[in-house]
Amino acid sequence: MGQGDKPSGIGAYAQKLVLAHLKVKKLEAELKMAKAEFSQAQSNAQDVFLAQGVSSIDYRGFTAFLHSQDFASLVKDEDGSEEAAFKALKKAKLGWMIKPKVNTNTLSSWVREQPEDEKTMERILPEDLKDHISIFRKQEVRIRKKP
């Protein structure tokens, strides 16, 4: 196939895939720059709002305003645990906030380290975990630039 030839068959799919990939990369770069510009504008506006005692201002149909929101986290014990905080939450009748959890990224990583059945290509899990861990395999076509 020459340079001017239009790809057909699987080549057409590869062409569409690569062109779409390049378009996504370009837009992601533009978005990254726009987000950085927006973040800097937010910071500058906040400084000006606070310095001038302004809480909001209208501009071309939009309102820019100061927004405050509180966030909380637990204070860790000297050993790095949160047991004292858990105890205090339970005493304050807030124990419902405490939930045991497993990091799914860590669990997925552990699963990928387990051997595969040669016939089914499925991961072999210890017998006592088989009923408690769900595994799904995601496949996708990816693009990388040739070196």
Fill in: Calculated [θ] (222 nm, deg cm²/dmol) that DSSP helices of n ≥ 4 give over the chain, each run adding -39,500 (n - 2.57)
-14500 deg cm²/dmol
Worksheet item: Using alpha carbon coordinates only, what is the Rg to Rh ratio of the chain, with Rh defined as the Kirkwood radius?
Response: 1.15
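The numbers here are math on the coordinates, done by the rules we state, and not lab data. Fair warning: this is a prediction, and the values are worked out from it, not measured in the lab.
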